[in-house]
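The values are calculated or read from the model by the stated rules, or taken from the named source; none is laboratory data. Because the structure is predicted, anything quoted here is derived from the model rather than measured. Here the Cβ positions follow ideal geometry from the backbone for every residue, glycine too, while neighbour counts run over all protein chains shown. Protein only, heavy atoms only, side chains kept; ligands, DNA and RNA dropped before computing areas. Shrake-Rupley method; radii C 1.70, N 1.55, O 1.52, S 1.80 Å.
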Amino acid sequence: MAAAGPAAAASYANLKLHITPEKFYVEACDDGADDVLAIDRVSTEVTLTVKKDVPPSAVTRPIFGILGTIRLVAGTYLIVITKKKKVGEIFSHAIWKATDFDILSYKKTMLHLTDIQLQDNKVFLSMISHVLSVDGFYFSTTYDLTHTLQRLANTSPEFQEMSLLERADPRFVWNGHLLREFAAQPEIHRFATPVMHGFISMHSCSINGKCFDWLLVSRRSCFRAGVRYYVRGIDSEGHAANFVETEQIVHYKGSKASFVQTRGSIPFFWSQRPNLKYKPKPQISKSVNHMDGFQRHFDSQIISYGKQMIVNLVNQKGSELPLEQTFAKMVNSMANGMVRYIAFDFHKECSRMRWDRLQILLDQLAEQQDEFSYFLVDSDGKIVTQQEGTFRSNCMDCLDRTNVIQSLLARRSLQAQLQRLGVLHVGQRIEEQADFEKIYKNAWADNANACAKQYAGTGALKTDYTRTGKRTQWGLIMDGWNSLIRYYKNNFSDGFRQDAIDLFLGNYSVDEVESASPLHVKKDWKFLALPIIMVVAFSMCIICLLMAGDTWTETLAYVLFWGTASFGTFAIILYNGKDFVDAPKLVQKEKMD
């Protein structure tokens, strides 16, 4: 069983940052290490040196990793991890969550910038800070977090010798763009730490007095990454929006079992741009060949995961129906025996709190799940079974409905694994193990919340079912509250969030000499005037109601006039909804849809 490989593959775990006016020195403090990374603040050149070269006058502080470098208007910045929290251990390898970062300018002064450039630099810095403030950045200096157990077990001796940066799956390295200069210099790879974004939960559990480790790992793809309404469908390379690989791991007496599932946006070209309506109508692109991207998507999924069982949970009526029909038609047209499709109208089947009906879907998928199996390696490192395929689940956002189904499929797999490992007796059910069931449900609900916050900006919906196994009135109220916050963020702050992600991942690069910044978009007069007119008209309407005129006809006339004015402006604003939402400025997403 491949673990993280020898020490040569590990990154430095203990670092000190020494700052002088000319250079940043990053000192490796691991046992026996003498390496120091010298970063020239003027030429930006990165070289290896030794501890005696660090000037005693340098200002010193401990850091826990280098996230990478990025060029903004004011020049290059170094991003470092300043705080970390231990999540737990995978096979004796410490796993950390990065909880705080620092963004350090190479330049010692900003006097070379104009006022506009200063303002732009400030905005770009706030974008980087925003991405770093979203919870869910994880790393290990000795273990490769970006690969599943099955991928790690099927590697070559050469792979084992590679640095963590070289061998990491580029889909899940969120600081890949920031580390591009480090990647080009193999001798400094031990100073580079690949960081994944998503969710990790680790628990030591006990059933029948038998102790085992149970882990849940969700890896968010950095290809076609973004926010809910601005990034849907796929791009021309076949990368799906909100693609997340979720792996459930069991470790018992040296044996390791793993079950992998994926989620991702419906994989053809469609969009659902915010326009002030609560639920914008999805638009399927009519001008592109959907099959090219669709085929690429599933070709790459089959290479990575084997057979594909698509579980489409969207509504089979209303605005979601065309997406379901197109998806089903394209799977049929592709005619690939490795890809199967099932549609299950989650909302219709489970309406009026009939959540027991999810068993219908599980029964339909049972035979397929048994055929796919799971990955299992015994305590001697011998592979017992391989997972032959994955369930690729989706709803519209691939958040709430998707997570519920994934947790149920994962529990069914876990049942089989724990019985095979001898933790569960014959006839025993996981659902009957109250202590473990509570841990299991809460971890999956936490996973739902993490994925939802990263994509939609709020916690997940329907987590009351995931946590308790039943739908509650309080859960419905919380869903309503989260839906309201989602509506606000999706319409009035997601443009900034999308720009921040595009900047962080390198989809947009700042040009220091660029004269016209894309941040400065002139707004049309109606953007300011219409909301003011609407608020004034509505206020006048209320005032006329409260301060009645001499006759009721006069009052009615005033109320009608101002009421019509406020309603009319509201209708115009709604009609031109796309002009009033906060849209991304850095990357034109139309080109990507």
Would you pick out the residues in region 97-134 that are charged (D, E, K, R), outside any helix (DSSP H, G or I) and over 14 Å from residue 76 (Cβ atoms)? 97, 100, 102
Quick check on region 311-328. Is at least one of its residues assigned to a strand (DSSP E or B) and charged (D, E, K, R)? no
Looking at (1) among the charged types (D, E, K, R); (2) over 22 Å from the mean Cα position of the chain (by Cα); (3) crowded, with 19+ Cβ neighbours inside 10 Å; (4) within 30 Å of residue 260 (Cβ to Cβ), which is the only condition residue 120 fails? (4)
Positions within region 253-292 being among the hydroxyl-bearing types (Ser, Thr, Tyr) and in contact with a Ser or Thr (Cβ under 9 Å, 6 or more places away or on another chain), in sequence order: 255, 258, 262, 271, 278, 285
Criterion (open to solvent by less than 10 Å² (accessible area, probe 1.4 Å) and either farther than 23 Å from residue 407 by Cβ or among the basic types (Lys, Arg) (or both)) met by exactly one of 233, 176, 209, 198: 233
Residues in region 523-573 that are outside any loop (DSSP other than H, G, I, E, B) and either among the hydrophobic types (A, V, I, L, M, F, W, C) or open to solvent by 90 Å² or more (accessible area, probe 1.4 Å) (or both): how many? 34
Residues of region 54-91 satisfying the condition of being assigned to a loop (DSSP other than H, G, I, E, B) and of a type in the set (Gly, Ala, Ser): 57, 58, 74
Residue hits (region 485-500; part of a helix (DSSP H, G or I), open to solvent by 10 Å² or more (accessible area, probe 1.4 Å) and closer than 14 Å to residue 583 by Cβ) are 489, 492, 496, 497
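Could you pull out the residue among 186, 170 that is under 26 Å from residue 14 (Cα atoms) and either over 26 Å from the mean Cα position of the chain (by Cα) or open to solvent by less than 50 Å² (accessible area, probe 1.4 Å) (or both)?
Of 186, 170, the one residue that is under 26 Å from residue 14 (Cα atoms) and either over 26 Å from the mean Cα position of the chain (by Cα) or open to solvent by less than 50 Å² (accessible area, probe 1.4 Å) (or both) is 186.
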Look through region 10-69, keep the residues that are open to solvent by less than 60 Å² (accessible area, probe 1.4 Å) and of a type in the set (Ser, Thr, Tyr), and return whichever of them is farthest from residue 86 (Cα to Cα). 44
So is residue 329 free of Cβ contacts under 8 Å to residues at least 24 places away in the same chain, surrounded by fewer than 20 Cβ atoms within 10 Å (Cβ to Cβ) and of a type in the set (Lys, Arg) or not? yes
Test of understanding: among 262, 246, which residue is touching a Leu at 6+ places or on another chain (Cβ under 8 Å) and closer than 23 Å to residue 338 by Cβ? 246
Here the residues within region 457-484 that are open to solvent by 50 Å² or more (accessible area, probe 1.4 Å) and either assigned to a helix (DSSP H, G or I) or polar (S, T, N, Q) (or both) are 467, 468, 473, 474, 476, 477, 478, 481, 484
For region 544-573, what are the residues that are at pLDDT below 75 and out of contact with any helix residue (DSSP H, G or I) (no Cβ under 8 Å at 6 or more places or on another chain)? 550
Does residue 283 satisfy being open to solvent by 30 Å² or more (accessible area, probe 1.4 Å), free of Cβ contacts under 8 Å to residues at least 24 places away in the same chain, touching a strand residue (DSSP E or B) at 6+ places or on another chain (Cβ under 6 Å) and of a type outside the set (Gly, Ala, Ser)? yes
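Yes/no matrix, rows are residues, columns are (1) farther than 19 Å from residue 269 by Cα; (2) in contact (Cβ under 8 Å) with a residue 40 or more places away in the chain; (3) of a type in the set (Ser, Thr, Tyr):
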position: 301; (1), (2), (3): no, yes, no
position: 356; (1), (2), (3): yes, no, no
position: 388; (1), (2), (3): yes, yes, no
position: 405; (1), (2), (3): yes, yes, no
position: 410; (1), (2), (3): yes, yes, no
